Amino acid sequence: MYIKEIKISNFRNFKEASVPFHEGVNVIIGHNNTGKSNLLRAMGLVLGRSDGRRLDTSDLFYETDVATLQQQSPRIQITLVLCRSEGEALDSAEMGLFSGMMTNPALSEEAELRYEFKLADAQEDDYKADVASATTAKEIWKIIDHDYIRLYRSSRLGGSLAAGISTNDVLGQIDFQFLDAIRDVSHDLYAGYNPLLRDVLNFFIDYSVKNDVTKTEDKIKEQLKALRDDFVQQSRPLMQTLQDRLQEGKNVFLKYALDTGATFNGAVPDFDGEVTENEMFAVLRMIIKYAIGIEVPATYNGVGYNNLIYMSLLLAKMQADSSIIYMKRNAKVLSFLAVEECEAHLHPAMQYKFLQFLQDNKANGHVRQIFMTSHSTQIVSAVKLEDLICLTSPVLGQINVGYPRIIYREDNADDVASKQYVQRFLDATKADMFFANKLIFVEGIAEELLLPVFARYLNKNLTDEHVLVVNMGGRYFNTLPKVV
């Protein structure tokens, strides 16, 4: 199954919006403050871990209509519609996971997961009474912030609105990873005591043994136990050496314990322990080895390169968590990855490489669906038109969604030709048109250079108005009306 659509009501800059997705890579673009980041965060509220779901007044859409605020307390509702993949068997693990949450059980095609943040029902009448005499929206929002926001509750449910099924068991088998735009992950890469790095190392240790298809499960368990026992056995002489070196100092410490009364009834403190692989992971440091023989800590890398390494670790962790062999009944059934501003800290060539990396992971089945936000013309020019989702916000609360993939009909020869031309036309320069407020298409370089000059003669500045002059390199204006 995959996320077919997200419906957002009253969350941040979304008053009411519906954004369809497709199975695969979804690249969400648009100019600043169109809601790209909020879209991913809305998704995280439904699918993410239980912590961090407590919202505040600022997370509610700022409704300005007094009558609307007096009629009902403002509330957030976010719905994810999940759909059966093309060719997916009805008895697949994913279909089984959502079997109780189908909106139409007879068809068994779609399921819904919802997040709600609203005032407790018992307080609704009190709220209406308190805001009844208010004359401005600002006055009502002050009442909400001061008296009622602490009484709001969040919940996550599945199925139809009438069903309201708990999603706890389902969400435990969904892996949703979200990387925000402001990320410096150097500390996550430094040593094996970091939870992410430790979990990845624990999964990939003895990897060839764990994935030996020629052996039975019992035989693999037996071999892994033998390897662990052998490691502990080999570490004992080292631990004994440590104990011997501590002996004299330990006697001084024990005298302090005796003097303070910490020893009684013949019981005295001492030290003992064994070293396991998991404990030894803590002393491992990630390093970067250069061909000339130099080795430096990973923290010496630039932020961009470390982000790429972190992403590889994250995807390795997602692979580990979805492994039935490794996780048994706790294995994740569905994996989703969301990356905010995927181009952050990466130069253009590395952006292309990173995009290819994500697309390959989707193709290999390690991640079911990928969602990315971007301002990068390099990213936009490198993806297919089918992958683009364009957000615009002409007025506060109104989010318009455009899909280049649905405007061209495959059974229309002119549409097919236009689509092919546009795909070739969108290099890193031309892709700017997806981020502009207004466009002027011109035939050649002369018009491209002269139009801004003409505008200045009229005391207009095209840059200030976010107007982009697009050089078509010929009279191909009939190919672009649909996409713009």
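Below is a table of values for the structure above.
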{"item": "First in region 378-394 and in contact (Cβ under 8 Å) with a residue 40 or more places away in the chain and part of a strand (DSSP E or B), second anywhere and crowded, with 21+ Cβ neighbours inside 10 Å and of a type in the set (Lys, Arg), Cβ under 8 Å, 6 or more apart", "result": "391/36"}
{"item": "Wholly enclosed strands (runs of 3 or more DSSP E) of region 254-373 bearing at least 2 residues among the polar types (S, T, N, Q), in contact (Cβ under 8 Å) with a residue 40 or more places away in the chain and assigned by TED's automatic domain parsing to the domain that holds residue 198", "result": "none"}
{"item": "Criterion: closer than 21 Å to residue 26 by Cα, surrounded by fewer than 16 Cβ atoms within 10 Å (Cβ to Cβ) and touching a residue at least 12 places away in the same chain (Cβ under 8 Å) - qualifying residue of 475, 409, 405", "result": "405"}
{"item": "Criterion: within 19 Å of the chain's Cα centre (by Cα), surrounded by fewer than 19 Cβ atoms within 10 Å (Cβ to Cβ) and in the same structural domain as residue 155 (by TED's automatic domain parsing) - qualifying residue of 49, 114, 75", "result": "49"}
{"item": "Only listed residue being touching a residue at least 12 places away in the same chain (Cβ under 8 Å), of a type outside the set (Val, Ile, Thr) and exposed (fewer than 13 other Cβ atoms within 10 Å of the Cβ), chosen from 228, 236", "result": "236"}
{"item": "Given (1) at pLDDT below 85; (2) touching a strand residue (DSSP E or B) at 6+ places or on another chain (Cβ under 9 Å); (3) of a type outside the set (A, V, I, L, M, F, W, C), number of the condition residue 392 does not satisfy", "result": "(1)"}
{"item": "Meets criteria (surrounded by fewer than 19 Cβ atoms within 10 Å (Cβ to Cβ), under 22 Å from residue 44 (Cα atoms) and in the same structural domain as residue 86 (by TED's automatic domain parsing)) for residue 119", "result": "no"}
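Here is a yes/no grid of residues against (1) assigned to a helix (DSSP H, G or I); (2) at pLDDT below 80; (3) in the same structural domain as residue 337 (by TED's automatic domain parsing):
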site: 170; (1), (2), (3): yes, no, yes
site: 176; (1), (2), (3): no, no, yes
site: 202; (1), (2), (3): yes, no, no
site: 226; (1), (2), (3): yes, no, no
site: 231; (1), (2), (3): yes, no, no
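The values are calculated or read from the model by the stated rules, or taken from the named source; none is laboratory data. Keep in mind that what you see is a predicted model, and the values were worked out from it rather than measured. FYI the Cβ positions are ideal-geometry reconstructions off the backbone, even for glycines, and counts take in every protein chain you see.
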